[in-house]
Structure formats: structure tokens, C-alpha cells
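S.K.: Pasting a structure here, questions to come.
The values are calculated or read from the model by the stated rules, or taken from the named source; none is laboratory data. Computed from a predicted structure; not experimentally measured. Note that each Cβ is placed from the backbone with ideal geometry, even for glycine, and that neighbours are counted across all protein chains shown.
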Amino acid sequence: MNDQGVGHDDASRVTDLPYRPCVGVVLFNRDGLVWVGQRCVRSDDNFTVAWQLPQGGIDDNEAPDVAAFRELKEETGIDAAEIIAETENWLTYELPDHLIGVAWGGKYRGQKQKWFALRFLGDDHDFDLNTHGTPEFSSWRWVPLVDLPDLIVAFKRGVYTQIVAAFSHLPEKVSSEQ
């Protein structure tokens with residue numbers, strides 16, 4: 001066993017697993033703040049209060065930008081937005097040991113994500129967290145971009161730090177264009 005409680009055979013099987021292709025959305029309002037949702041607590045979660053940005057898997061033969069708008073609509077109920085930037089590279093994170101073999105049917109070791117920054121063109125009352133099946137989020141709020149890493153579950157914090165760095169120029173740009 002290694003320090004994380006994973007045996008060497010288990011560790012090699014984990015590294016053989018692929019990353020799940022995924023997109024994420026950083027939605028900026030007119031004030032340069034970012035939309036963040038509080039995840040609905042599910043019985044299989046170990047997280048009592050977890051916040052995150054809209055994100056989700058890419059369907060077969062779906063372009064990442066199309067997936068970003070689909071996920072945004074499914075999770076927030078809005079589609080009044082436009083892409084203003086995207087990450088140059090795919091960002092990855094590893095699942096914690098207790099979720100490997102459990103999350104996504106045990107097929108993936110984590111996610112590789114293409115992140116898009118979008119400018120929100122609607123109004124706050126346009127959000128509908130119950131628009132698509134089982135809600136992903138129970139509530140939401142606008143926060144400064146730099147606050148994101150402190151709000152997210154620990155295993156995604158590295159990706160969120162990279163998102164903040166990639167889009168750090170956008171809050172001022174978005175708010176100055178109003």
C-alpha cells in the first residue's frame with residue numbers, strides 16, 4: 001500500500017483509466033462577478049456545502065462550445081450569454097481515492113475540462129435551477145473570480161486556481177464594457 005491507502009496494483013489500474021471529457025462555464029455578470037452554485041447534497045456525497053461552476057460531460061460528437069451552452073442551460077436555465085474567452089489547454093483533476101471506481105460508473109480517473117468564460121446577457125430572475133430533471137444546485141450567488149478556489153471542494157481547487165489565472169483579466173474588462 002502507498003501513503004494514500006491505494007495498493008500498487010490499484011494505483012496502476014487508476015492510471016490506466018482515462019479522463020472524462022468535460023466542459024465548464026465561468027459566467028460573468030455586468031459587474032464582473034461570477035455565478036457560482038451550491039451543489040445539492042446527495043446521499044453519496046461527502047460534502048455538506050460545496051459550491052462549483054456549471055460543468056458537465058461532452059456528448060459523443062458534440063463540440064466543446066456547444067456542450068458548454070447545453071450544460072449552462074441544463075444547470076441554470078439560462079442561455080442568454082456569449083463566449084468571451086476559453087482556456088488554451090484542457091485542465092485536469094484526479095478524483096479522490098474514495099470516488100475512483102464509483103463516480104461515472106467507475107470508468108474515469110478524473111476529468112479533463114475545457115473552460116469557457118461567458119458574458120451573461122440576461123437578468124438574475126432568468127435563472128431556473130429546476131429547468132432540467134434533477135437540479136444540480138440548490139442555490140446560487142455572484143462572487144468575485146478570485147474567491148472561487150476557496151469555495152470549491154479540495155480535489156478541484158487546482159483547476160479552479162488555473163481558471164482564475166486564465167481569466168483574471170476578464171472581471172475588469174466585462175464591467176468596463178457596460
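S.K.: Out of the residues in region 159-176 that are assigned to a helix (DSSP H, G or I) and hydroxyl-bearing (Ser, Thr, Tyr), state the one that is modelled with the lowest pLDDT.
M.R.: So the residue we want is Ser176.
S.K.: Would you confirm whether or not region 30-42 contains a residue that is at pLDDT 95 or above and within 12 Å of Phe116 (Cβ to Cβ)?
M.R.: Scanning region 30-42 turns up no residue that is at pLDDT 95 or above and within 12 Å of Phe116 (Cβ to Cβ).
S.K.: Still on this structure, I have one more. Residue under question is Lys156, and the condition is that it be among the basic types (Lys, Arg), without any contact (Cβ under 8 Å) to a residue 60 or more places away in the chain and part of a helix (DSSP H, G or I); does it hold?
M.R.: So Lys156 fails the test.
S.K.: Restricting to region 55-82, give me the number of residues that are of a type outside the set (S, T, N, Q) and within 12 Å of Gln113 (Cα to Cα).
M.R.: 7
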